[in-house]
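One structure is given here, and the rest of the page talks about it.
None of the figures in this text is laboratory data; all of them are computed from the coordinates on show. Values in this document were obtained by computation on a predicted structure and should not be read as measured data. Every residue, glycine as well, gets a Cβ built from its backbone with ideal geometry; the counts of neighbours run over all protein chains shown.
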Amino acid sequence: MNGKVEATRAVVQKIWDLTAPLVTAEGMELIEVEYRRESQGWVLRLFVDRDDGVSVEDCASVSRMVSDLLDVEDPIPGPYHLEVSSPGLNRPLRRWEHFQRQIGNVISVRTRLPIESRKNFKGTLVAAHPEGIRMECDGTFFDIPLNAVERARLRYFESSQRTPKPMRSD
């Protein structure tokens, strides 16, 4: 793995460690942290959620608190743009609890290394536990360890058990 990828992963982990307790204290869950180079420069995105959804005001409040925290801790070298958002309908799935909430729904998964000669999976999530998930893809079952998952997302519009969390308007 190259040094830039390792450095980016280290930044993401540091941001996760710093911000998760703050987000939890606000009654929300930190769903995902992204740190990537885009056309306008480096972007740090935090996706937050709660059972009854998040409002624009919730995102703005978390953004202010995280911005203050990162100004003090200064874990990111160089300039970046901070964005705080709801995870949306096609939400990322990172922890086993995220997967557990989506059992019976269609998800897509990309693994770091091939499993049974493939890295991309799309199908129905049939089980989730702390070590991994089980998916049914076109009649074939795949057991995927969580530590092998590079990224995963709910495929909301392809799922039969749609349970949206609308953005609150308060």
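Of all aspartates and glutamates in the structure, those lying under 16 Å Cα to Cα from residue 122, and not within fewer than 8 positions of it along the same chain, are 136, 138, 143, 150, 158.
Say R0 is 41 Å: what FRET efficiency, to the nearest 0.05, do residue 73 and residue 116 get from their beta-carbon distance? Please report the intermediate quantities before stating the final value.
Numbers: r = 42 Å, r/R0 = 1.03.
After rounding to 0.05, the efficiency reads 0.45.
Modelled this way, with points 7 Å down the Cα-to-C-beta line, the labels at residue 40 and residue 22 are 2.0 nm from one another.
Return the loop-located GluC sites (Glu not before Pro) in segment 110-162 (DSSP other than H, G, I, E, B) with at most 11 other Cβ atoms within 10 Å of their own Cβ; answer none if there are none. Loop-located and lightly packed - 116, 131. The charge dipole of the chain, taken about the Cα centre with unit charges on the Cβ atoms of Lys, Arg (+1) and Asp, Glu (-1), comes to about 740 debye, rounded to the nearest 20.
Magnitude of the charge dipole for segment 96-158, about its Cα centre and with charges confined to Cβ atoms of Lys, Arg (+1) and Asp, Glu (-1), is about 280 debye.
What whole-number distance in Å separates the alpha-carbon centres of segment 26-51 and segment 67-86? Distance between centres, Cα-based: 10 Å. Placing +1 on the Cβ of every Lys and Arg and -1 on the Cβ of every Asp and Glu, with no other charges, gives segment 3-85 a dipole of roughly 480 debye about its Cα centre. Computed from label points 7 Å out along Cα-Cβ, the spacing between residue 151 and residue 126 is 2.7 nm. By its C-alpha gyration tensor, with a ≥ b ≥ c as the square roots of the eigenvalues, how is the chain shaped: rounded for a/c under 1.5, else prolate for a/b larger than b/c, else oblate? It is oblate, given that a/c is not under 1.5 and a/b is not larger than b/c.
In the chain, a dipole from Cβ-located charges (positive for Lys and Arg, negative for Asp and Glu) runs towards its positive end, and of 54, 159, 86 it is 159 whose Cα lies farthest in that direction.
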